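Participant: The structure's right below; bear with me while I get my questions together.
The values are calculated or read from the model by the stated rules, or taken from the named source; none is laboratory data. As the structure is a prediction and not an experimental result, all values here were calculated from the model. All Cβ positions, glycine included, derive from the backbone under ideal geometry; neighbour counts span all protein chains shown. SASA here: full protein model, heavy atoms, side chains in, ligands and nucleic acids out. Shrake-Rupley method; radii C 1.70, N 1.55, O 1.52, S 1.80 Å.
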Amino acid sequence: MALQGPEELGEQVEEPEDLDDQDASSISPAEEITLPPGPGGEEDAEEALLLPWDRFSAWLHCICVVGFDLELGQAVEVRQRESPGKTSICYLSFPDSNSGCLGDTQFCFRFRQGSNRKSSLGCFLETTDRDAPPCLKREQGHYYGYVYFRQVRDKSLKRGYFQKSLVLISKLPYVTFFHSLLKIMAPEYFEKQEPCLEAACNDIDRWPTPHPGRILTLPIMGVVIKVRIPTSYDKPGTSQLVQSTQGDSLVSIVLPTIHEVDLFRCFYPVFFHIQMLWELVLLGEALVVMAPSPAESSDTVLALVSCISPLRYCSDFRPYFTIHDSEFKEYTTRTQAPPSVILGVTNPFFAKTLQHWPHIIRIGDMKQAGEMAKQMKVKKLKNLKTLDSKPGVYTAYKPYLNKDEEIIKQLQKGVQQKRPSAAQNAILRRYFLELTQSFIIPLERYVASLMPLQKSISPWKSPPQLRPFIQQDFMKTLEKAGPQLTSRLKGDWIGLYRHFLKSPNFDGWFRSRRKEMTQKLEALHLEALCEEDLEKRIQQHTEVETVDLVLKLKDKLSQAEREQLPVRPGTLAKLRAHIEAVILALPEDLQGILHKPSSP
């Protein structure tokens, strides 16, 4: 596929194609694969039903190779399975010409899914996604692109350079894992070309699915990677280290994390402002990161998004954004306020286009950060004329909380004493975690109080409703049970909460908590129903009332299975037995009707 190169801004760029536009027959068929037997259990029985390409699809949507044609510009040369938004992938897979990235460069981008069509693996993926932490759940409306770009001198080519990117497209935000995978795949591909990509795809299609809590051994092109997928039950701030065992003689790489970036390295150029940046991300403010390369741009955006973990960042974010992105006009318009989004850019054009944005972070070259950053003052936006402005934070924002000097001193001391980067990263990650937890605990405590008492749940009435979230009531709780119980920071916490309650991050967090609590009420109602003697109860009912009861019980069972309700083990089996016993108490003609499976 060949596309016009991005030479001028005014050029028309075709819209990304929707997944719905893809003909199913165009998807590359895989040869029949004998799946290795799992260790047993219900989940392994599910995996045994997977078809060829299903395991591949659980990890990746597709693999692309993007090259540069002197006459045509960027073009997708090879696709392993169909790619969504081919135009977007082409432009996002190459650094801007001003970046000057010689050698090998890795970065990532994120772009909108072109349609709402669900994967054929939908139900299975929902099951594997259920236990994932909020920040690691599969993306619903976006894809990630993980890029390995190579640019080297080659006199045999007209342009004088070999330029090519190997790109993995996935719904999974496993940044560290996919970058590690590309370090294995890309050099092999650039040396041996297409056949080794087909071999890699077949390797991936033999992998177990990325189920949270499992330690996975993943062979790829003669190398074996060992990883653990985190779960929502892991204690925040701790990582379940993957232990090497005697049977690991074939394991080449053990990854301690699949998604975390090095926060200290990413924030180093502006680390005097980390607390203010945490507030801006927490509140969903419009932020743009201007960096010299896609690698620094994407790393910084990902660090910003992860600094409020375990809270999920619920607005849009683009680790690498270009003038050819399909949302360029939407995000750069001056006719309305900048949207709640974090953009990472490298093109100098954005210094002019986005100068009306309220918060701009200018990142210098991270590789040259030899001594401690000296830019301590927040700069005024009017000082930002071009991308060549000095590194720093340009904003008129006044933080709600007083600056925490302790963390700055601790990190400065670490630099002076040449403390290992991993230790500096751990200190900063712990600081952000404790700050976020101090902020979110009062909200968690108040929301938990909205749950009805268990004694109010009656098996013969609809489950009780959650009480509404009332901002004034929540604010009153902060006097005695606010963040001052766990944080030493002073400042306008009340103002910070008021602002947060209007943000997309609060909306996303509260929707998620309300869904969890509603499902818990449904589960408790179901368990109460299972404890009842239904056979005795139907003796007092007419046939019509009994049939109505059976239909309602079947609906409850279907809902429990569909929504994966958190019921006690054995509850669903008990409910099925109750339904069967009630049906058998009815005349045979009704039994035949009720035993028929309900139509979808």
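Participant: Is it fair to say residue 478 is of a type outside the set (Gly, Ala, Ser), open to solvent by less than 30 Å² (accessible area, probe 1.4 Å), assigned by the TED database to the domain that holds residue 450 and outside any helix (DSSP H, G or I)?
Facilitator: Against the criterion (of a type outside the set (Gly, Ala, Ser), open to solvent by less than 30 Å² (accessible area, probe 1.4 Å), assigned by the TED database to the domain that holds residue 450 and outside any helix (DSSP H, G or I)), residue 478 does not qualify.
Participant: Filter segment 404-451 for residues that are farther than 26 Å from residue 509 by Cβ and not in a helix (DSSP H, G or I); which is nearest to the chain's Cα centre (by Cα)?
Facilitator: 420
Participant: All but one of (1) surrounded by 16 or more Cβ atoms within 10 Å (Cβ to Cβ); (2) closer than 30 Å to residue 406 by Cβ hold for residue 527, so report the exception by its number.
Facilitator: Exception for residue 527: condition (2).
Participant: Going through segment 449-471 one residue at a time, which ones are closer than 29 Å to residue 316 by Cα and not aliphatic (A, V, I, L, M)?
Facilitator: Once the filter is applied, which keeps residues that are closer than 29 Å to residue 316 by Cα and not aliphatic (A, V, I, L, M), segment 449-471 yields 468, 469, 471.
Participant: If we keep just the residues of segment 341-382 that are buried (at least 16 other Cβ atoms within 10 Å of the Cβ) and among the basic types (Lys, Arg), which is modelled with the highest pLDDT?
Facilitator: 362
Participant: May I pose another question? Out of the residues in segment 103-139 meeting the condition of being modelled with pLDDT under 80 and part of a helix (DSSP H, G or I), tell me which one is nearest to residue 211 (Cα to Cα).
Facilitator: Filtering segment 103-139 for residues that are modelled with pLDDT under 80 and part of a helix (DSSP H, G or I), the one nearest to residue 211 (Cα to Cα) comes out as 128.
Participant: State whether one or more residues within segment 323-339 are closer than 24 Å to residue 148 by Cα and crowded, with 22+ Cβ neighbours inside 10 Å.
Facilitator: Yes, there is a match, as at least one residue in segment 323-339 is closer than 24 Å to residue 148 by Cα and crowded, with 22+ Cβ neighbours inside 10 Å.
Participant: Hey, among 553, 524, 496, 557, which residue is modelled with pLDDT of 85 or more and within 28 Å of the chain's Cα centre (by Cα)?
Facilitator: Exactly one residue qualifies, and that residue is 496.
Participant: Here is a follow-up. Which number in (1) in contact with a Cys (Cβ under 8 Å, 6 or more places away or on another chain); (2) of a type in the set (A, V, I, L, M); (3) open to solvent by 40 Å² or more (accessible area, probe 1.4 Å) marks the one condition that residue 585 misses?
Facilitator: (1)
Participant: For segment 162-173, check the following and say yes or no: at least one residue is within 24 Å of residue 109 (Cα to Cα), touching an Asp or Glu at 6+ places or on another chain (Cβ under 6 Å) and either of a type in the set (Phe, Trp, Tyr) or not assigned by the TED database to the domain that holds residue 86 (or both).
Facilitator: Looking through segment 162-173, at least one residue is within 24 Å of residue 109 (Cα to Cα), touching an Asp or Glu at 6+ places or on another chain (Cβ under 6 Å) and either of a type in the set (Phe, Trp, Tyr) or not assigned by the TED database to the domain that holds residue 86 (or both).
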